[in-house]
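Undergrad: Have a look at the structure that comes next, please.
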Amino acid sequence: MSKLSYTKALNRALGDALADDPAVFLLGEDIGAGLAGPTLGLLDRFGADRVVDTPLSEQAFTGMAVGAALAGRRPVIEFQIPALLFLVFEQLVNQAHKFSLMTGGQASVPLTCLVPGSGSRDGWAGQHSDHPYSLFAHSGVKTLVPATPTDAYGLLLSAIRDPDPVVVFAPAAALGVRENVTWELAPVPLGSARIHRAGTDVTVVAVGHLVHDALAVAEELAGEISVEVFDPRTLYPFDWPALAASLERTGRLVVVDDSNRSCGIGGEVLATAAEEMRLLAPPRRITRPDGAVLPFAPGLDRALQPGREQLLHAIRSVVKNPWR
C-alpha cells in the first residue's frame, strides 16, 4: 500500500500520458520548473520539445495548442490561475469545442486544459479564486472536477486520451488530499459519477473538494440521518442516471457547490432533479453568494464559501420539511 497525494497523482498521469503517446506534449507558464506541482520533473524526463515553457500570453499559446491538436498532436495546457480561462474562453468554446461539430467529425481537437489550483487559496483574492466550471459545462465542453487523488489521475488520463477538448479543474482545497492506494491506477471514464458513501435518507451532491466536507458531515450525522455522498466527477456530461438511482433510494437532495449561485451547476442539478426525478422534499443548494468576488482577508474569504455548518443545517432541513 502506498499513499498518493492529489498533486502527485496529476504528475503521474501527465508522465504516463507523455510516455505512452508521442503526440502528447505540455505547455504553459513555468511548467519546466514545475512551480504548480503537476509538471515537476517532467522537463528532465521528456525534454523541452515535450514540456514547453511559454511566454505570458494565454491567447498565444492556447491558439498554438488548438492548431497543434488539429494537426494531430495532443496538447495539455496548464493554467496557473483559473481566471486565465476567461482570456481564452472564445478560443476554447467557439473554436476548439466547435470544430468537430461544424465539420461533421472530420476535424477533432484533442486538447486538455488543466487548472491545478482552482478556487480559493489563502490570500489570492478576487482575481485568482474563481471556480468557473459552470461556464464550460453550460457551453457543452467536457468539464471534470476530481475530488480524490485516484480520480485526479484517472480523469486526467482519460481527458488526454479523449478526442474532444476537456477542461480539468483541480480544486486548490483538494491538492493536499492524500489517499491510501492498494490497487493499480487506471483511467476513469468521463461521465461516470461515484458514490463515496451509501445512504438512505438524503443524497448530497458535492463538487470537487467539497466531497470531503460532505463525508465529514455524513459521519457526524451517522446516528441521526443516513447521508449518501454523490460525487459527479464529470459536470459535463453529467451522470444523470446515477443521480436518479440515488434519489430513488433517498428521495431528498442537497447540492454543495463552491461557485457563484446564479446559473451554477448546483441550480442545474436541482432543476433536473425536480423535473425528472423522485423527490419527497424541496431540494436545497449551498453555494457562494450571487456575484461573489472573494476578498483578500481570510475571514471574509471563508465567509463567502460553502461550509460544513451550512451543509449540516441544509441536510437537517430537507429531512424535516417534506413537500406540503
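Undergrad: Which distance in nm do the two modelled labels at E309 and T200 give, with both placed 7 Å along the Cα-to-Cβ direction?
TA: Reported label-point gap for E309 and T200 is 3.2 nm.
Undergrad: Sticking with this one: Determine the per residue accessible area of the chain with all protein chains present and a 1.4 angstrom probe, expressed in square angstrom.
TA: Numbers: 13350 Å² over 324 residues.
Accessible area per residue: 41 Å².
Undergrad: Just want the answer: with Cβ charges of +1 for Lys and Arg and -1 for Asp and Glu, which residue in T234, H209, M277 is farthest toward the dipole's positive end in region 193-324?
TA: My answer, from the dipole projection, is M277.
Undergrad: Here's a follow-up. Charges on Cβ only, +1 for Lys and Arg, -1 for Asp and Glu, centred on the Cα centroid of region 1-142; of A83, S118, H138, which one is farthest towards the dipole's positive end?
TA: The residue sitting most towards the positive pole is H138.
Undergrad: Still on this model: How large is the helix-only mean residue ellipticity at 222 nm for the chain, computed as the sum of -39500 (n - 2.57) over DSSP H runs with n ≥ 4, divided by its residue count, in deg cm²/dmol to the nearest 500? Intermediate values should be presented prior to the final figure.
TA: Working: 12 runs with 116 residues, N = 324.
Only helices count here, giving -10500 deg cm²/dmol.
Undergrad: On a full-extension model of 0.36 nm per residue, what is the gain between M64 and R50, subtracting their alpha-carbon distance, rounded to one decimal in nm? Let's see the in-between values first.
TA: Numbers: separation 14, 0.36 × 14 = 5.04 nm, distance 1.40 nm.
Between M64 and R50, full extension yields an extra 3.6 nm.
Undergrad: Using the charge dipole of region 1-65 (Lys, Arg: +1 at Cβ; Asp, Glu: -1 at Cβ; taken about the Cα centre), state which of V52, G15, L27 has its Cα farthest towards the positive end.
TA: G15
Undergrad: Can you sort E90, E220 by solvent-accessible area, 1.4 Å probe, largest first?
TA: These residues rank, largest area first, as E220, E90.
Undergrad: Using DSSP loop states and a limit of at most 13 other Cβ atoms within 10 Å to flag chymotrypsin sites (Phe, Trp or Tyr not before Pro), what is the longest stretch of the chain containing no flagged site?
TA: Working: sites that count: W183, F296, W323.
The reported range is 1-182.
Undergrad: Return the lysines within reach of K8: Cα separation strictly under 26 angstrom, same-chain partners fewer than 8 residues apart disregarded; answer none if there are no such residues.
TA: Within reach: K142.
Undergrad: Given the protein chains as shown and a 1.4 Å probe, how many square angstrom of K142 are accessible, to the nearest 10?
TA: So the heavy atoms of K142 present about 50 Å² to solvent.
Undergrad: For the chain, what proportion of DSSP beta bridges, expressed in % and rounded to the nearest 5, is antiparallel? Present the calculation step by step, with values, prior to reporting the outcome.
TA: On the way: 9 of 41 bridges.
Here the share of antiparallel DSSP bridges comes out near 20 percent.
Undergrad: With +1 assigned to the C-beta of every Lys and Arg and -1 to the C-beta of every Asp and Glu, and no other charges, what is the dipole magnitude of the chain about the Cα centre in debye, to the nearest 20?
TA: On the way: 27 positive and 35 negative charges, 111 e Å.
The dipole magnitude comes to about 540 debye.
Undergrad: For the chain, with all protein chains present and a 1.4 Å probe, just round the carbon and sulfur fraction of the accessible area to a whole percent. Intermediate values should be presented prior to the final figure.
TA: Numbers: 7220 of 13350 Å².
Accessible surface attributable to carbon and sulfur in the chain totals 54 percent.
The values are calculated or read from the model by the stated rules, or taken from the named source; none is laboratory data. As the structure is a computational prediction, the values presented were derived from the model and not from experiment. For neighbour counting, all protein chains shown are included, and Cβ atoms are generated from backbone atoms with ideal geometry for every residue, glycine included. Note: areas computed on protein heavy atoms with side chains; ligands, DNA, RNA excluded. Shrake-Rupley method; radii C 1.70, N 1.55, O 1.52, S 1.80 Å.
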